[in-house]
Amino acid sequence: MPALFSWEFASDPYPAYAWLREHAPVHRTTLPSGVEAWLVTRYADARQALADQRLSKNPVHHAEPGKTGIPGERSAGLMTHLLNIDPPDHTRLRRLVSKAFTPRRVAAFAPRVQELTDRLIDGFAERGSADLIHEFAFPLPIYAICDMLGVPAEDQDDFRDWAGMMIRHGGGPRGGVARSVKKIRGYLAELIHRKREDLGDDLISGLIRASDHGDHLTEAEAVAMCFVLLFAGFETTINLIGNGTYALLRNPEQRALLQSSLAAGETGLLETGIEELLRYDGPVELATWRYATTGLTIGGQPIPAGDPVLVVLAAADRDPDRFGAPDTLDLARRDNQHLGYGHGIHYCLGAPLARLEGQTALATLLTRLPDLRLGADPDELRWRGGLIMRGLRTLPVEFTPSAPRHGR
Ligand code: HEM
């Protein structure tokens, strides 16, 4: 039985997941926090568990509710967000947010994402080297979601600092994350209050306006909604850009195929490629917490009521019973119903925005810095130690210096 959740495991968890899929596909383990949970690793079981309504997202079904979920969300009064609730409350909130956070709003945001991407690359293009996590993958989703929500430009660097604190403390003591959560909550509550007086075109104003048969979000629900959009949307997208770029740099033939397709002005390989990068080394290693509301069976394994269940998306998406050559990166893969965005009623609400950011970021990097290469030995790279997310701490790169696109 391989050691789970060690530092070596963090750098390459896939052999351990292959072992679990084969020998203990639904496996009870003690997490580093001391909480006991079931890990579900086969694709068919994972997909079924993600859609099983007997698995609740509400921590009241767990014997130790304060020990799971996002640190600090309880004390900050942020428990009623989408990832902590079940139908009918979930159905109601998801319907309201979907009226404001529409694919159309995301599509209209494409030029802004391109501008942010170019501005960030301008910041290091002349230097010939960069840390792609800190200088690119991290700020891009933060500035993008702040812009979309309508956070004023002068406050966005505060957000960047709070988000940075959340990530730095992600694998460590829960207190560090809890402090940032409290600051973000306080800021959002005040901003939403101000926007009510002066509605604009931004997403927060859209959420305040959203109405379904006369029903609206309460002020507390609007705060929790903005919080979950931020929380669910930033570290995930950082890791899509970070893990995705890293996978391309480690698979030069695939990267060359993508570069020639981009040079020919095609977008097909970029689109299937982003999905494959999500499958191959996706940002969300484990789906968020679920709790058995009743005794049930997953993959033949009885699970008692009250037990937490964690669906291991990273293991399911490399299951050889579902994907041909699962450990091979194939950007043109067609039959690719990966679980990187989840499945069922909690399927990622931000998938269109994540796709837009991921596609823009990778296409622009490979086009503007065509000879991009790793600036460190892969063995020296360190992965973050958190439970749910999978991402690099740093990604040093080198390239031929070039002029900034917009001047500075
Ligand atoms: C590549 C980037 C992203 C990935 C891989 C990703 C992945 C996921 C996954 C796996 C879930 C389901 C969790 C579960 O069932 O336990 C989820 C839910 C969610 N995601 Fe994303 N996400 C990404 C980006 C975003 C963005 C940019 C936003 C918003 C700005 C966002 C907002 C949400 C929300 C609000 C939920 C909860 C939906 C619900 O419970 O109904 N995500 N995401």
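The values are calculated or read from the model by the stated rules, or taken from the named source; none is laboratory data. Please read all numbers here as calculations on a predicted model, not as lab measurements. Virtual Cβ from ideal backbone geometry, glycine too; neighbours counted across all protein chains shown. Heavy atoms of the whole protein, side chains included, go into the accessibility calculation; ligands, DNA and RNA do not. Shrake-Rupley method; radii C 1.70, N 1.55, O 1.52, S 1.80 Å.
Tabulated values for the structure
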item: Residue under evaluation Asp45, criteria (1) closer than 29 Å to Arg185 by Cβ; (2) outside any loop (DSSP other than H, G, I, E, B); (3) of a type in the set (D, E, K, R), criterion not met; result: (1)
item: Neighbours by Cβ (under 7 Å, 6+ apart or cross-chain): first from segment 311-333, within 17 Å of Leu277 (Cβ to Cβ); second of a type in the set (Asp, Glu); result: Leu313/Glu285; Ala314/Glu285; Arg318/Asp327; Pro326/Asp319; Leu329/Glu276; Asp330/Glu276; Leu331/Glu276; Arg333/Glu276
item: Residue ID - nearest to the ligand (Cβ to nearest atom), chosen from residues in segment 338-367 that are among the β-branched types (Val, Ile, Thr) and out of contact with any Lys or Arg (no Cβ under 9 Å at 6 or more places or on another chain); result: Thr360
item: Options Arg334, Arg382: the member that is closer than 29 Å to Phe109 by Cα, open to solvent by 30 Å² or more (accessible area, probe 1.4 Å) and more than 16 Å from the ligand (Cβ to nearest atom); result: Arg334
item: Residue that is nearest to the ligand (Cβ to nearest atom), among those in segment 142-155 that are in contact (Cβ under 8 Å) with a residue 60 or more places away in the chain and within 19 Å of Gly206 (Cβ to Cβ); result: Ile145
item: Single unsatisfied condition, His23 versus (1) over 25 Å from Gly350 (Cβ atoms); (2) touching a strand residue (DSSP E or B) at 6+ places or on another chain (Cβ under 7 Å); (3) open to solvent by 40 Å² or more (accessible area, probe 1.4 Å); (4) at pLDDT 95 or above; result: (2)
item: Wholly within segment 74-189, helices (runs of 4 or more DSSP H) carrying at least 3 residues that are at negative phi, among the aromatic types (Phe, Trp, Tyr) and buried (at least 19 other Cβ atoms within 10 Å of the Cβ); result: none
item: Scan of segment 202-221 for residues that are part of a helix (DSSP H, G or I) and open to solvent by less than 30 Å² (accessible area, probe 1.4 Å), ordered by number; result: Leu203, Ile204, Ser205, Gly206, Leu207, Ile208
item: Matching entry among Ala232, Ala224 (being under 19 Å from Leu356 (Cβ atoms) and touching a residue at least 24 places away in the same chain (Cβ under 8 Å)); result: Ala232
item: Checklist (1) within 16 Å of the ligand (Cβ to nearest atom); (2) in contact with a helix residue (DSSP H, G or I) (Cβ under 7 Å, 6 or more places away or on another chain); (3) part of a loop (DSSP other than H, G, I, E, B) applied to Leu387, failing item; result: (2)
item: Unmet criterion (only one of (1) open to solvent by less than 40 Å² (accessible area, probe 1.4 Å); (2) away from the ligand (no atom under 13 Å from the Cβ); (3) aliphatic (A, V, I, L, M)) for Leu374; result: (1)
item: Residue, farthest from the ligand (Cβ to nearest atom), within segment 315-328, restricted to residues that are open to solvent by less than 10 Å² (accessible area, probe 1.4 Å) and among the hydrophobic types (A, V, I, L, M, F, W, C); result: Phe323
item: Filter pass, Lys67 being among the basic types (Lys, Arg), in contact (Cβ under 8 Å) with a residue 12 or more places away in the chain and open to solvent by less than 20 Å² (accessible area, probe 1.4 Å); result: no
